[in-house]
Amino acid sequence: MTDNLKPITDQFGRIFDYLRIAVIENCNLRCVYCMPETGIAFALPGDLLKKDEIVRIVKIASGMGVRKIRYTGGEPLIRQDLTEIISETARIKNIVSVHLTTNGILLDQKIDALKTAGLKGINISLDTLDAAKFVQITRRGGLQLVLDNLSLAISAGFESVKINMVVLRKFNDNELFQFAEMTRDKAVTVRFIELMPFDAHQIWKTGHYMGVELMIKRFRELYPELDPDVGSDTEKYVYRIPGYKGKIALIPSYTRNLCDSCNRIRLTANGQIRNCLYAEHEYDLLGPLRSGATDAELASILKKAMWEKARDGWESQKQVAEHRRDSMTQIGG
């Protein structure tokens, strides 16, 4: 049992109460900022965390102060036992909320089961409202299906529905207004996210990056009376347009001026702890888990991983090769 262990902290005084777990590397899209069109060398099924292993890790983490769980991928809805994982997670002592990040393509097939399982919130990744651009960025189709499933998620009554838009200069930055207008009649948060250099082919270096400062400038030109609001720790800048039901949030994921309040732990689909999105060093949980490690031993690995977290993403990046070996789908976002 780990209920009496101290909270997970690092040497800079941060407390980690939010665990993001990738349940699969595979995805049914091939977004240009995530991985090549042909895909990558995905982990073999036997090398991925099993349902019982995921639940055990969450139980250990919950005894160390973790309160929020988010399941990611790849595309997590591809995983056949996802609703079972969510159901068991939602029943774990001290876990307050279970969330999911998805591209929305398969959501209509599982939305009722997800709600019944105890899922509290859904983030849907959507970078454009233009069908041709959707194909261009995802290298697949399905925009209308994603939009329909977004409406389903809203009507299903989840506590939180959010849209994640990666802003790409000279590609979709002319859609900021259209995305912001989605908050007029919908109680959603639209999150505008800086492009990050995790696509293994480095489209990062093609001039598509757009920082949050410029985004804020654009929004203030569009909506001079933006009202500051509050959001999650990741949502560094949050606003509500007067009279609108939802909110907009800007996430400086590359600028990295949110690192001082970081509260998240990342666990990859193959059981490796990433203490920073920009780190490449991993701490293996899968090996000890399958070699008979006790809960206390696994907890010790988790504590060590987070204690050794760098001060910020810039320090983490200094320890990484210029050309990263991984793609976002392998990290879990």
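The values are calculated or read from the model by the stated rules, or taken from the named source; none is laboratory data. Small disclaimer: the values here were computed from a predicted structure and weren't measured. Note: ideal-geometry Cβ built from the backbone for every residue, glycine included; neighbour counts use all protein chains shown. Areas reflect the complete protein model, heavy atoms only, side chains present, ligands, DNA and RNA absent. Shrake-Rupley method; radii C 1.70, N 1.55, O 1.52, S 1.80 Å.
Okay, here's what the table says:
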item: Subset of the range 128-154 (residues that are assigned to a helix (DSSP H, G or I) and charged (D, E, K, R)); result: Lys133, Asp148
item: Filter result for Ser62 (of a type in the set (S, T, N, Q), within 24 Å of Asp295 (Cβ to Cβ) and open to solvent by 10 Å² or more (accessible area, probe 1.4 Å)); result: no
item: Test: Ile95 is part of a loop (DSSP other than H, G, I, E, B) and touching a residue at least 40 places away in the same chain (Cβ under 8 Å); result: no
item: Selection within the range 155-164 - part of a strand (DSSP E or B) and either surrounded by 20 or more Cβ atoms within 10 Å (Cβ to Cβ) or free of Cβ contacts under 8 Å to residues at least 24 places away in the same chain (or both); result: Val161, Lys162, Ile163, Asn164
item: Selected residue (criterion: surrounded by the most Cβ atoms within 10 Å (Cβ to Cβ)) from residues of the range 258-293 that are among the charged types (D, E, K, R) and over 30 Å from Ile154 (Cα atoms); result: Arg274
item: Candidate set: the range 231-257, residues that are assigned to a strand (DSSP E or B) and under 14 Å from Lys186 (Cα atoms); chosen: the one most open to solvent (accessible area, probe 1.4 Å); result: Arg240
item: Ile78, sole failed condition from (1) crowded, with 19+ Cβ neighbours inside 10 Å; (2) in contact with a Cys (Cβ under 8 Å, 6 or more places away or on another chain); result: (1)
item: Residue match in the range 36-57 (condition: crowded, with 17+ Cβ neighbours inside 10 Å, touching a residue at least 24 places away in the same chain (Cβ under 8 Å), touching a Gly at 6+ places or on another chain (Cβ under 7 Å) and of a type in the set (A, V, I, L, M)); result: yes
item: The range 81-92, residues that are in a loop (DSSP other than H, G, I, E, B) and open to solvent by 20 Å² or more (accessible area, probe 1.4 Å); result: Asp81, Arg91
item: Residue selected from the range 123-154 under the condition aliphatic (A, V, I, L, M) and touching a Lys or Arg at 6+ places or on another chain (Cβ under 8 Å), by the criterion least open to solvent (accessible area, probe 1.4 Å); result: Ile124
item: Inter-residue pairs, beta-carbon under 7 Å, first closer than 29 Å to Phe16 by Cβ and in the range 230-245, second small (Gly, Ala, Ser) and surrounded by fewer than 18 Cβ atoms within 10 Å (Cβ to Cβ), 6+ apart; result: Asp233/Ser261
item: Selected residue (criterion: nearest to Ile251 (Cα to Cα)) from residues of the range 98-127 that are assigned to a loop (DSSP other than H, G, I, E, B) and of a type in the set (A, V, I, L, M, F, W, C); result: Leu126
item: Output for the range 165-187, where each listed residue is surrounded by 21 or more Cβ atoms within 10 Å (Cβ to Cβ) and within 20 Å of the chain's Cα centre (by Cα); result: Met165, Val166, Val167, Leu168
